[in-house]
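Here the structure comes first, spelled out in structure tokens, and everything after it is commentary.
The values are calculated or read from the model by the stated rules, or taken from the named source; none is laboratory data. Quick caveat: nothing in here was measured; it's all calculated off a predicted structure. Neighbour counts are summed over all protein chains in view; Cβ atoms, including those assigned to glycine, are modelled from backbone coordinates with ideal geometry.
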Amino acid sequence: MSINRWSEIAYSRVPSVCMHTNKEKFFTPDAERFLRYLTDVESGEKQISGATLLPHLLVMQAVEFAPAQRETPTWDGFEKREVDLIGDAMRERKRKLGETQARVVDAQWATLLARLREAGELDNCIAICDVSVSMGSIWETTLPDKSPFEVNLIWPALSLSLVLARLAKPPFADSFITFSSQPRVVVLDPASKKVSLGATIQAMMHSDWGFNTDFNAVFLKLIPPLAVKNKVPEDQMIKRVFVFSDMQFDDASTEDDLVNWKMNYDVVERAYQEAGYEVPGIVYWNLSRESITAPVTGEREGVALLSGYSPSLLKVFMDVEEEEEDFEVVDNSGEKVKQKFTPEEIMRKVLGRRSYNGLVVVD
């Protein structure tokens with residue numbers, strides 16, 4: 001790049017972050033070859049790196065470049081009318097650049113999903129996505145003078161919800177649940193329809209939202225009927241419901257709802273057992289950096305809590321390199337029993353990962 005030998009760059013070998021950062025630099029001097037490479041990627045003949053990129057950064061760029069994918073040239077030839085030749089040419093070049101950048105982002109997003117899908121760790125999850133005003137706007141990108149993780153919370157909420165939607169198996173594929181007192185399942189256009197990442201995110205932004213959500217409705221009125229109707233096998237049933245919001249768990253539902261959730265857990269569990277399923281656990285991810293409290297007690301059954309948004313938390317969510325053992329323990333008789341899904345047990349499970357083996361406690 002530094003000596004302008006663009007024709008010697010093997011684009012399929014460019015690392016993901018380098019490709020993410022230098023799309024414009026590749027297009028400007030080497031447009032024909034770079035576009036041919038993108039066409040080969042889209043047809044499956046070549047590959048593009050993207051598996052290590054952060055989902056919210058890809059989503060942010062997809063929304064930024066989305067207008068270029070909708071636009072078409074406003075002129076049909078320099079010879080047919082008197083036009084501002086330089087102005088029209090510059091506008092067309094800018095449009096073509098934006099369209100190319102959007103194609104790169106879409107291709108890298110597909111690579112990211114392919115990596116996660118191959119691991120098969122997130123294909124039994126569904127998201128409740130909070131797109132309320134407090135989460136920020138998709139028309140604002142990274143906060144000034146902040147790190148890539150210090151962004152409006154709408155970005156990680158949308159990107160992680162879409163990751164789960166794309167990885168889920170039918171009938172939950174391409175679906176997420178609205179954060180509302182009357183929650184509903186929203187089904188997005190499948191990837192097979194070739195809808196751009198930017199257009200998909202904008203569609204998600206227009207979903208319903210509220211100041212709290214009804215967890216009992218989610219667990220009794222939405223998930224089980226859909227599973228029973230489609231005769232979903234137990235091993236393909238939703239196992240985790242991720243809630244992406246800026247609210248604490250206690251604030252995200254009315255006091256009566258929380259009391260009902262505690263009292264009705266046995267009712268919920270019985271309803272699932274009668275349908276042949278186990279109750280999914282709630283992973284409540286408070287994305288806000290403002291709150292440092294722990295609103296979910298360590299023993300609350302069926303609920304786990306993540307708080308904040310950082311590289312380490314995203315790694316816990318997306319890391320598929322380490323094999324996770326089933327959530328089981330051995331009782332006094334030597335029999336394997338299902339372990340309760342609680343915040344304390346989730347903490348112990350995370351701290352038991354091999355990446356923490358080198359740490360010691362010095363008293």
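Quick notes
- Odd one out for Asp106, checked against (1) farther than 23 Å from Ile238 by Cβ; (2) at pLDDT below 90; (3) acidic (Asp, Glu): (2)
- Highlighted here are the strands (runs of 3 or more DSSP E) found entirely within the range 103-214 that include at least 1 residues which are assigned by TED's automatic domain parsing to the domain that holds Lys239, of a type in the set (S, T, N, Q) and under 15 Å from the mean Cα position of the chain (by Cα): 175-178.
- Residues in the range 147-180 that are of a type in the set (Gly, Ala, Ser) and over 23 Å from Ala119 (Cβ atoms): Ser147, Ser180.
- For the range 225-239, a tally of residues being assigned to a helix (DSSP H, G or I) and surrounded by 21 or more Cβ atoms within 10 Å (Cβ to Cβ) returns 1.
- Residue count for the range 160-188, restricted to those that are of a type outside the set (Val, Ile, Thr) and more than 19 Å from Leu220 (Cβ to Cβ): 13.
- A count restricted to the range 73-102 and to residues that are part of a helix (DSSP H, G or I), of a type outside the set (Ser, Thr, Tyr) and either closer than 16 Å to Ser196 by Cβ or modelled with pLDDT of 55 or more (or both) stands at 17.
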